There are 2 protein chains.
Amino acid sequence: MPELRKDPVIKRWVIIATERSKRPHDFKREKEEIKAGFCPFDYGNEHTTPPEIFAFRPPDTGPDTPGWWVRVVPNKFPALNPELEIERYGVGMYDAMTGFGFHEVIVETPDHFATLATLDYKQVQEVVWAYKIRYNQLKKDERIKYILIFKNHGKDAGASLQHPHSQLIALPIVPKRVEEELNGSKEYFEYKERCVFCDIIREEKRDKERIIEENEFFIAFAPFASRFPFETWILSKKHNHDFGDITEEEVKYFAKILKNILYRIYIALDNPPYNMMIHTAPANGEGKKYYHWHIEIVPRLTKVAGFEWGSGFYINPTPPEDAAKFLREVEIKEE
Amino acid sequence: MPELRKDPVIKRWVIIATERSKRPHDFKREKEEIKAGFCPFDYGNEHTTPPEIFAFRPPDTGPDTPGWWVRVVPNKFPALNPELEIERYGVGMYDAMTGFGFHEVIVETPDHFATLATLDYKQVQEVVWAYKIRYNQLKKDERIKYILIFKNHGKDAGASLQHPHSQLIALPIVPKRVEEELNGSKEYFEYKERCVFCDIIREEKRDKERIIEENEFFIAFAPFASRFPFETWILSKKHNHDFGDITEEEVKYFAKILKNILYRIYIALDNPPYNMMIHTAPANGEGKKYYHWHIEIVPRLTKVAGFEWGSGFYINPTPPEDAAKFLREVEIKEE
């Protein structure tokens, strides 16, 4: 029987079609082949990107030369421009502002044919370190209100380059969805005097059915009101609103659960396109008590999205309990 | 220079990439071929759908036989079930309810190979009449909180059948996006004592740059803070919150502008996949003073959607002023 379920943070209802549950093999699609040929993120082509912001590289190599293992560069076709002055203005009855901001690329590995799901834990840790370093640098810029770290994997998830990379956008505004989470978690905190995300972790641990994996510091589960088949969230077990506070020890556990979850998705769904986003507090530190940073991973398996954009209404053909079971069953080879 | 623009109703910021504006021919894609073969919506296959709810058909033909020109049937694979009792319950800390609701299909023409963009005005009127009739019937059901009429055109917009059809979902809840519009327009009304949508119409008529077409009763334009390239809204010039109130005369003008807009998109963008949704007030009539029904049409040209789902943050590579110009330039042959 279909069930309507409500997201406890932003109060969005979704339809979970429990009756005709779609299993992993129901999501067939054409496989995307990784093409060789010129790539600006390969060794030797460093001069074809804008000058690097930083890279993890041997001390005897210079910037914009090979040898690096993670490299952060400005996006060559940025959506926003860091050179602009921030100016707010009216256009008739409307509100607008100059498109100030940063748009950067984190190249996750020199290996063009690799994927985050199959890199080793150490390399994924290095990627997370690159996220953290650049995030904390940009947070110091007072013009920045929000830093969005995300990854589009595969053409159908919006990736225009196949070489493994993540992106970072630093914005002079807080995106709507984040604001909704802030408002929702604040309201919950005012009512219950507890963090809603901490409550979700407790509930998931009690129920167990939607948990995919957990370790000392992190827990990964399919959210109760999942919008999409195999949607997965990873939360820090310790309450913290700010991704930038992640400790050295936590980075190890975070990289491990992140890689394992991506690997489970890679195996169970045959390397599907996916989007991944870090939801963290605004740059001004708002939400210390009631917000809780986390990562959302959404495999792109269904095509019904356009209607759902417009209505905020989602029909999910795979109950999260089933999705969690399929992902749990994937065997993880510990390194 | 990129510009950040804010939607005046729901206050969502989007990035308009004014610098490297994408023109219609930049959105290349594989063309979808309309396949013949068995189709449940063709003449002669009426028995393969659930029994019809109603149809426009000659008086000498019986239900579920050929001869109809518009036919409304229950969805064979409904997302919701009209037989269920509505029951709200808790699942641990979460909220859920039974998946009560209606999910129906409006078959727009017996012609398998037609498209709404190229049907004649009279036939589009008949489709709008079918929307209106079924909408007003379901509105009388006190269990129904919201009636969503929408259309997915093309596989990449989520259409699983190629035969021209729209869908209707009647829900025991109000979808999040509609609630946001209700809240936003209510807040504006409280502040300005005017309908925000009426103000938008005045502003667009003053500015002219984003208008695509208008007639005595309706106006179509590319919204100032368009999320997507060639996004188009059609508004009734007369303030009204409820689509179900559309008059006989208005249906004619509405069908005309709707068909013309879809035809402009069809020509300018070479029959792209698109989603179309009617945004109207909740079934209880809430929003009479401050809400304003309208239709949103979103061609599916870019693939960056997944990330945008998760962040509520949109990057639109085609400024609405450019989109409106391209669509205005398409020549309309009046019948």
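Positive contributions from Lys and Arg (+1) and negative ones from Asp and Glu (-1), summed over other residues with Cβ under 13 Å from the Cβ of A:Arg57, come out at -4. The Cα-based radius of gyration of the stretch A:3-329, divided by its Kirkwood radius, gives an Rg/Rh of 0.96. A cut-off of 5 Å between modelled amide H atoms, ignoring neighbours fewer than 5 places along the same chain, links B:His165 with B:Glu108. Label-point distances for B:Lys333 to the equivalent site in the other copies, using a point 7 angstrom along Cα→C-beta, read 6.4 nm when ranked shortest first. Between B:Lys289 and A:Met1, the modelled label-to-label distance comes to 4.1 nm, taking each label 7 Å out from Cα in the direction of the beta carbon. Most simply put, the stretch A:3-329 has about 90% antiparallel DSSP beta bridges, counting only bridges with both residues inside it.
Annotation for the stretch A:118-166 versus the stretch A:311-328: alpha-carbon center distance of 26 Å. When chain A is treated as a GNM with alpha-carbon contacts under 10 Å, the residue of A:Pro172, A:Pro59, A:Pro299 showing the greatest mean-square fluctuation is A:Pro59. Here is what passes the span test in chain A: the DSSP H helices with alpha carbon length of 20 Å or more along the helix axis and a Kyte-Doolittle mean of 0.0 or above are A:248-268. Annotation: cysteines of chain B without a disulfide-compatible partner (Cβ-Cβ under 4.7 angstrom) are B:Cys39.
Within the stretch A:69-97, list the residues whose amide N lies under 18 Å from a label point set 7 Å along Cα→Cβ of B:Arg202. Output list for this probe position: A:90-95. Taking a Cβ cut-off of under 15 Å around A:Glu85, the surrounding Lys, Arg, Asp and Glu residues balance to a net charge of -3, with basic ones at +1 and acidic ones at -1. Dipole orientation for the protein assembly as shown: of the candidates B:Tyr94, A:Tyr188, A:Gly44, A:Tyr188 has the Cα lying most toward the positive pole (charges on Cβ; Lys, Arg +1; Asp, Glu -1).
Between A:Asn215 and A:Lys186, the distance separating the two model label sites (each 7 Å from Cα on the Cα→Cβ line) works out to 3.4 nm. When +1 charges are put on Lys and Arg Cβ atoms and -1 charges on Asp and Glu Cβ atoms, the dipole computed for the stretch A:109-165 relative to its Cα centre reaches about 320 debye.
Between B:Ile34 and A:Tyr121, the modelled labels are 5.7 nm apart [label points 7 Å from Cα along Cα→Cβ]. For the stretch A:294-302, 3J(HN,Hα) computed residue by residue from phi via the Karplus equation (6.51, -1.76, 1.60; θ = phi - 60°) reads 7, 10, 10, 10, 10, x, 9, 10, 10 Hz, glycine and proline entered as x.
Counting Cβ atoms of other protein chains within 10 Å of each Cβ in B:193-201 and taking the mean gives 1. Taking springs between alpha-carbon atoms closer than 10 angstrom, which of A:Tyr191, A:Tyr274, A:Tyr94 fluctuates most in the Gaussian network model of chain A? Its mean-square fluctuation being the largest, the pick is A:Tyr94.
Considering only A:Ala170, A:Ala222, A:Ala79, give the residue with the highest GNM mean-square fluctuation for chain A, with springs between Cα atoms whenever their separation is below 10 Å. Ranking A:Ala170, A:Ala222, A:Ala79 by mean-square fluctuation puts A:Ala79 first. So what's the gap between the Cα centers of the stretch B:176-215 and the stretch A:18-57, to the nearest angstrom? Centre-to-centre distance over Cα atoms comes out at 41 Å. In this Cβ point-charge picture (+1 for Lys and Arg, -1 for Asp and Glu), the protein assembly as shown has a dipole of about 340 debye about its Cα centre. Starting from the label point of A:Phe56 at 7 Å along Cα→Cβ, the same points in the other copies fall at 6.4 nm, in ascending order.
Each other copy holds its own label point for A:Lys289; taking that point as 7 Å from Cα along Cα to Cβ, the gaps run 3.5 nm, nearest first.
The amide H of B:Phe54, built 1.01 Å from its N in the peptide plane, has B:Val72 as neighbours under 5 Å, considering only residues 5 or more places off or on other chains.
Take the Cβ-Cβ distance between A:Glu193 and B:Ser21 as r, set R0 to 45 Å, and report the resulting FRET efficiency rounded to the nearest 0.05.
Step by step, r from the Cβ atoms, then E = 0.35.
Sequentially through the stretch A:213-230, phi angles give Karplus couplings (6.51, -1.76, 1.60; θ = phi - 60°) of 6, 8, 9, 4, 10, 9, 9, 10, 8, 8, x, 3, 9, 3, 6, 10, x, 6 Hz, Gly and Pro residues having no value and appearing as x.
Averaged over the residues of B:267-278, the number of partner chain Cβ atoms lying within 10 Å of the residue Cβ comes to 2.
The alpha-carbon of B:Lys145 sits under 12 angstrom from the alpha-carbons of these aspartates and glutamates, leaving out residues fewer than 8 places away in its chain: B:Glu179, B:Glu286. List A:Leu168, B:Leu161 from most exposed to least, where exposure is judged by having the fewest other Cβ atoms within 10 Å. Lowest count first: B:Leu161, A:Leu168.
Each value in this text was obtained by applying a stated rule to the coordinates, not by laboratory testing. Given the structure is predicted, the values throughout are model-derived calculations rather than measurements. Counting neighbours? That spans all protein chains shown, and the Cβs are built from the backbone with ideal geometry, glycine included.
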